[in-house]
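Right, one structure below, let's go through it.
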Amino acid sequence: MNEIDRSRSAGLVLSLLGKANRAIELQDLGVRIWARSPRDIAFREIAAPLKLKKWLWFNVVSLQLLDSSIVEVVGIKRIAAEDFVELANGAWRRSISGLFDEFDQELTDLSKVAERLSSPRRFPAACLLEPYLAQASALFSKIPTAVPEGILDCEREQALKAITDFYTHPHKIRKAAVRSFIISELEEQRAFFDRIEANPLTPEQRLAVVTDEDATLVLAGAGSGKTSVIVAKAAYLIERGLARPDEILLMAFGAQAAEGMAGRIEERCGAPVD
């Protein structure tokens, strides 16, 4: 059954209630909604399987689209609606499977990014993740964020879940990634922090050094070791390959302090920094 219409008697009542969609037709690449003007909806625009539900005493065929809107055809006889939904969902599943073939490379690349966030090798600053969030947003404007079981293989299901989690909860994912990085980095760089200055850095100083956010503000009182943090930060960026010496500029309120920092950095890591 490729097309179903509501009954004429139901149509009169539903038109008065503002329900203009009077029929739905299954096509090769999607469905057509019949109202005053027909509307074609491609399978790739449909976010989830078609549903059959109730509104008042009427049967409703409901479609959820990728833009979060809902399209409904109300007043269809139940048996006809059940047959149509089953047929349309079969076609939708086949179409979605082909759609994921089309975007396989993007899925693979983004899932690797999401996977790396579970154990990041560098500080996951917001500026580093923004491009990937934009890519995920663009991808989910073309494919569903949720797919019924049986359409995708296990590897693609896992990739889709990882990307969806990253896309829907970016702040939570990044917060966990930051915590994971800091714990592992502090342990891995323990020897560096023990020797970079005359005295081993304190836990707070070490945290200030490994935090590599877009902008980082450290508040500390007089004599608490701010200069040690700046020296260690510059040396850390150079030794970890996160910045070249000519990409670093240090500023201080006084020529003597500036000269002192530059000298200490060059002494510690053998690199001149302005």
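The values are calculated or read from the model by the stated rules, or taken from the named source; none is laboratory data. Since this is a predicted model, take the numbers as computed values, not measurements. Cβ: placed from backbone, ideal geometry, glycine included. Neighbour counts: every protein chain shown. Accessible surface areas use protein heavy atoms only, side chains included; no ligands, DNA or RNA. Shrake-Rupley method; radii C 1.70, N 1.55, O 1.52, S 1.80 Å.
Overview of values
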item	result
Net charge of neighbours whose Cβ lies under 14 Å from the Cβ of residue 17, counting Lys and Arg as +1 and Asp and Glu as -1	+2
Under 23 Å from residue 175, Cα to Cα: lysines that are on another chain or at least 8 residues apart	112, 161, 233
Kirkwood-Stokes translational diffusion coefficient of region 1-135, alpha-carbon pairs, 37 °C, 0.692 mPa s, µm²/s	191
Average accessible surface area per residue within the chain, 1.4 Å rolling probe, Å²	58
Computed over the chain, Kirkwood Rh from alpha-carbon pairs, angstrom	23.3
Whole-number D in µm² s⁻¹ for region 184-226, Kirkwood Cα-pair radius fed into Stokes-Einstein, 37 °C, 0.692 mPa s	291
Calculated from backbone phi, Karplus (6.51, -1.76, 1.60) coupling profile of region 76-84 in Hz, x at Gly/Pro	7, 4, 4, 4, 4, 5, 4, 4, 5
Coil-residue trypsin sites (Lys or Arg not before Pro) of region 94-199, DSSP, other Cβ within 10 Å capped at 12	121
Extreme residue, positive dipole direction of region 78-210, given options 152, 183, 163 (C-beta unit charges)	183
Rg(Cα) / (2.2 N^0.38 Å) computed for region 35-108, rounded to two decimals	1.25
Inter-probe distance in nm under a simple model that places probes 7 Å from Cα toward Cβ, at residue 134 and residue 20	3.7
Charge dipole (debye, nearest 20) of the chain; +1 at Cβ of Lys and Arg, -1 at Cβ of Asp and Glu	1280
Trypsin sites (Lys or Arg not before Pro) within region 19-78, DSSP loop, no more than 16 other Cβ atoms inside 10 Å	36, 77
Sequence-distant lysines (8 or more away, or on other chains) whose Cα lies within less than 23 Å of residue 19	51, 53, 54, 77
Per-pair calculated FRET efficiency, R0 = 30 Å: residue 161 and residue 191 via Cβ, rounded to 0.05	0.20
Net charge, residue 200 excluded, C-beta distance under 15 Å - Lys, Arg +1, Asp, Glu -1	0
Percentage relative contact order, the chain, counting C-alpha pairs under 8 Å, at least six apart	13
Exposure rank, largest accessible area first [261, 251; 1.4 Å]	251, 261
C-alpha center-to-center spacing [region 1-75, region 139-175] in angstrom	27
Loop GluC sites (Glu not before Pro), region 168-260 (other Cβ atoms within 10 Å of the site Cβ: 12 or fewer; DSSP)	213
